[in-house]
Amino acid sequence: ERVVLMLNRLEKQIQFVMEIDKLKHIYRQNLVADGSRRENDVEHSWHLAVMALLLQEYTVEPVDVLKVIQMVLLHDLVEIDAGDTFAYDPEAGLDKEERERLAADRLYSLLPDDQGCELRALWDEFEAGESPEARFAACLDRLQPLLNNYHTQGGTWRMHDVSSAQVRKRMEPVGESAPVLGELVETLIESAIEQGILRKY
């Protein structure tokens with residue numbers, strides 16, 4: 001009986017592992033840094049996990065970096081069902097919360113109950129944005145696309161005619177969680193305006 005329970009548990013875990021392979025096919029608006037193509041959600045999540053390791057020293061409040069890494073690896077799994085919502089498209093964001101909640105209900109229910117509850121709680125914590133870890137994860141989630149847009153001569157800013165005011169508003173969580181990174185953001189925005197790769201108004 002114990003062997004059967006173990007096999008059932010493992011079967012659910014493998015089912016989840018294979019289900020999240022679909023995330024490799026969810027493409028974001030952002031380009032990869034050489035500008036050759038759009039990045040997918042898996043690449044974005046991996047990038048954030050490495051950034052969490054490297055940049056944790058800049059947070060204003062201590063964080064459990066393993067928890068931050070868990071959050072950034074999980075945060076976009078819901079886009080398997082909900083799709084990627086472009087940050088600068090207010091209409092697309094109107095039903096985003098509901099689409100993503102339903103996706104989380106389905107995906108995390110594939111796992112054994114204990115793991116499903118644990119990972120869903122991490123996703124909920126990220127979404128709520130109230131813990132130091134969630135705030136730092138959100139900071140990285142905003143910073144990485146900005147870095148890519150800057151290094152692709154405006155990337156999606158130019159494609160979608162995004163203004164510096166829109167970018168500054170979007171980047172507010174960066175400075176709140178890590179003021180040094182917030183200063184970097186402002187420097188890059190000013191440089192982007194000077195280069196003509198980000199619209200000033």
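Couple of notes before you dig in:
- The chain, helix-only ellipticity at 222 nm - DSSP H runs n ≥ 4, -39,500 (n - 2.57), divided by all residues, nearest 500: -21000 deg cm²/dmol
- Rounded Å value of the spacing that divides the Cα centres of segment 1-79 and segment 147-201: 25
- Surface/4 of the Cα convex hull for segment 1-95, nm²: 9.4
- In this Cβ point-charge picture (+1 for Lys and Arg, -1 for Asp and Glu), segment 128-201 has a dipole of about 300 debye about its Cα centre.
- Selected from Leu66, Tyr201, Val174, residue furthest toward positive end of dipole (segment 44-201; charges at beta carbon): Tyr201
- For the chain, size of Cβ-based charge dipole, Lys and Arg +1, Asp and Glu -1, in debye: 560
- Per residue Cα convex hull volume in Å³ - calculated over segment 97-201: 118
- Lysines with Cα under 30 Å of Lys169, excluding same-chain neighbours fewer than 8 positions away: Lys24, Lys67, Lys96, Lys200
Computed from the coordinates by the stated procedures, all read-outs in this text should not be read as laboratory data. Predicted model, so just to flag it, every value in this text is computed and none were measured. Cβ: placed from backbone, ideal geometry, glycine included. Neighbour counts: every protein chain shown.
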